[in-house]
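One structure is given here, and the rest of the page talks about it.
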Amino acid sequence: MSRRVVRQSKFRHVFGQAAKADQAYEDIRVSKVTWDSSFCAVNPKFLAIIVEAGGGGAFIVLPLAKTGRVDKNYPLVTGHTAPVLDIDWCPHNDNVIASASDDTTIMVWQIPDYTPMRNITEPIITLEGHSKRVGILSWHPTARNVLLSAGGDNVIIIWNVGTGEVLLSLDDMHPDVIHSVCWNSNGSLLATTCKDKTLRIIDPRKGQVVAERFAAHEGMRPMRAVFTRQGHIFTTGFTRMSQRELGLWDPNNFEEPVALQEMDTSNGVLLPFYDPDSSIVYLCGKGDSSIRYFEITDEPPFVHYLNTFSSKEPQRGMGFMPKRGLDVSKCEIARFYKLHERKCEPIIMTVPRKSDLFQDDLYPDTPGPEPALEADEWLSGQDAEPVLISLRDGYVPPKHRELRVTKRNILDLRPPSGPRRSQSASDAPLSQQHTLETLLEEIKALRERVQAQEQRITALENMLCELVDGTD
C-alpha cells in the first residue's frame, strides 16, 4: 500500500527573490529609533519610509516607480516635533496615510499624485488624545475613516478621522505597555498583546475582554499577534530561555495551544505578516537577514514550515504590499520592501507556474479599496465583510480622492446659556429640524467654498506645469 509522505500544497514551492539593483530605492536614511515597528508602509501607489530627520520626526513618500537613487533634497512629510514611530496607509484611499509619533499626536496626511516641490508640513487633521507617545496605528479593515491608535499611556483610542472625534477609548484593559494590536477580518474584534504577557481578545464597541490567555509565550520580550482566516490567533514570542517561538491559538479554548513551535535563539522580535488569501504567514525579525514563511491549515501540525528566504544584509524594517498591488501575470503572491541602513529593496515571493494564464487558485477575490461601512454604522453595531474585487485583469489604482474632514462645532450641540424654559414634546422636533436645516446649509456652503478652492488649486497646478515645461 502506497503512503503519501509529502504534504500536498500549491504553496510548497514558493520562493523569494530580491529585485534587481536598479529596482531598489537608494540613499534613504532609514530611522535609527529603537522601536519595534516595521518603519515602512506600502500600497499600490506609494512607498513610505520613516527616516532620520533633525528637529522632529519625518517620513519620505515615494511613487513606486521612482526607483534608483533618491535625491538628498527630496521633499519629506514633516510636522511632528519628535520621532515618528509608526505609519499606516488607509486601505480605502491610496493617497491618505497616518503617522504616530513620540510627541503624543497622530497626524493624517493627503499625499498628492504629483511630486511636491517642498516638504509637506500641513496634515489634513491632527488627532490629540494620548498623554504619552503613540507607537501603534491600524486602520479599520471595512469601515471608512476609522483609525485605531495605541500609546505608551496603555490606552487604545478609536477615531473617526472624517470628523476628528474619538469614537471609543479603551482605558482600563491594559495595565502595561501595549506591544501589538490587530483587527479581525471584519473589524468586530481586536487581538492585543501587552507587557504583562497576556494575549487579549477585545470587543471594542462593548468595551469588554472576550477572552484572554496569560503567558501565551513565557518569555519577557515582546509578543505579537494576528488573526487568521479561520478565526484563530497566530502569535510570535519568546520562551523562558529566550528562544523565539510561534504559536496558534483558538480563542474559544485558550487553555491549550493548537500549535506551539520553538524556532531559534535571537533577540529580534518576529514581525508576522499574514496573507488571508493564501493563509501564509511571513516572519521577519528585526536584525535578521531572512524571512521565514509558514502555511496555516486545518491539518496537523496546523503550522507548516514552507521555506526561508535568506540574504546577506540584516533588515531594519519591512513593508508588506496589499494583494491588489501584486503582479498577477508573474504569479507573485507577496512582495516585501526590506529596509537596509541606506536603501529599500523589494523582495518578491513567487509560485512557479509554467502557464502565463491567470491562476484562479492563487488569486481568489481579495479586499478592494471600497469601504463596506461608514464609521457611524460600525459604531452602532453593524459588521460587514470587506468588499472584494477580482485580480483577473490586474488592479488599477483609482484616481486621486480627497479625504474630507468635517469638524463638528460642539458649541452648536450645547443648549443656549441663560434661563432654561421647559420644552414641550411638540417643541422638540421643531428645534431638531431647525438644527438639521442649519447644519445642511452650512455643509452646502462649505462644499461650494471647497469646490472653488479646488478649481483654483487645479488652475495653479496647470500654470506650474506650463512654467516647468517652458524651462525644460
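The values are calculated or read from the model by the stated rules, or taken from the named source; none is laboratory data. No experiment lies behind these values; they were computed from the predicted model shown. Note: ideal-geometry Cβ built from the backbone for every residue, glycine included; neighbour counts use all protein chains shown. All accessible areas refer to the heavy atoms of the entire protein, side chains included, with ligands and DNA or RNA removed. Shrake-Rupley method; radii C 1.70, N 1.55, O 1.52, S 1.80 Å.
A few points about this structure:
- Candidates R420, R401, R408, filtered to the one that is modelled with pLDDT under 75, of a type in the set (K, R) and more than 33 Å from the chain's Cα centre (by Cα): R420
- So Q433, is it modelled with pLDDT of 50 or more and of a type in the set (S, T, N, Q): no
- Residue match in segment 227-235 (condition: open to solvent by less than 60 Å² (accessible area, probe 1.4 Å), under 22 Å from the mean Cα position of the chain (by Cα) and on the phi > 0 side of the Ramachandran plot): yes
- Single residue of S138, S149, S169 found to be in contact with a Cys (Cβ under 9 Å, 6 or more places away or on another chain), among the polar types (S, T, N, Q) and assigned to a strand (DSSP E or B): S138
- Inter-residue pairs, beta-carbon under 8 Å, first surrounded by 10 or more Cβ atoms within 10 Å (Cβ to Cβ) and in segment 437-465, second of a type outside the set (D, E) and assigned to a helix (DSSP H, G or I), 6+ apart: none
- Single residue of segment 65-80 satisfying the filter (part of a loop (DSSP other than H, G, I, E, B) and of a type in the set (A, V, I, L, M, F, W, C)) that is surrounded by the fewest Cβ atoms within 10 Å (Cβ to Cβ): A65
- Residue within segment 117-129 that is closer than 26 Å to R224 by Cβ and either buried (at least 18 other Cβ atoms within 10 Å of the Cβ) or not aromatic (F, W, Y) (or both) present: yes
- Within segment 130-163, being of a type in the set (S, T, Y) and open to solvent by less than 10 Å² (accessible area, probe 1.4 Å) holds for T142, S149.
- As a summary of the residue check, C331 satisfies the conditions (1) over 21 Å from D86 (Cβ atoms); (2) modelled with pLDDT under 95; (3) surrounded by fewer than 19 Cβ atoms within 10 Å (Cβ to Cβ) except for the one numbered (3).
- Among residues of segment 306-331 that are farther than 26 Å from K45 by Cα, those with a Cβ under 8 angstrom from a residue that is of a type in the set (F, W, Y) and open to solvent by 20 Å² or more (accessible area, probe 1.4 Å), sequence gap 6+ or separate chain, pair up as N307/F15.
- Any chance S180 is modelled with pLDDT of 95 or more, out of contact with any Cys (no Cβ under 7 Å at 6 or more places or on another chain), polar (S, T, N, Q) and part of a strand (DSSP E or B): yes
- Residue match in segment 257-266 (condition: in contact with a Leu (Cβ under 9 Å, 6 or more places away or on another chain), among the charged types (D, E, K, R) and outside any loop (DSSP other than H, G, I, E, B)): yes
- Count - residues of segment 268-302 that are β-branched (V, I, T) and either at positive phi or surrounded by fewer than 19 Cβ atoms within 10 Å (Cβ to Cβ) (or both): 1
- Restricting attention to segment 177-208, the residues that are open to solvent by 10 Å² or more (accessible area, probe 1.4 Å), over 20 Å from E245 (Cβ atoms) and in contact with an Asp or Glu (Cβ under 8 Å, 6 or more places away or on another chain) total 4.
- Pair list, Cβ under 7 Å, 6 or more apart: segment 166-187 residue farther than 20 Å from T198 by Cβ, other residue polar (S, T, N, Q): L167/N160; N186/T142; G187/T142
- Taking the criterion of being open to solvent by 20 Å² or more (accessible area, probe 1.4 Å) and either closer than 19 Å to R229 by Cβ or of a type in the set (A, V, I, L, M, F, W, C) (or both), the residues of segment 338-358 that qualify are I348, L357, F358.
- Residue match in segment 264-275 (condition: within 28 Å of F15 (Cβ to Cβ), among the hydroxyl-bearing types (S, T, Y) and modelled with pLDDT of 95 or more): yes
- Subset of segment 236-267 (residues that are polar (S, T, N, Q) and open to solvent by less than 20 Å² (accessible area, probe 1.4 Å)): T236, T239
- Where strands (runs of 3 or more DSSP E) sit wholly within segment 184-235, none has at least 2 residues that are of a type in the set (D, E).
- Checking each residue in segment 287-332 for being assigned to a strand (DSSP E or B), of a type in the set (D, E, K, R) and over 19 Å from V226 (Cβ atoms) picks out only E332.
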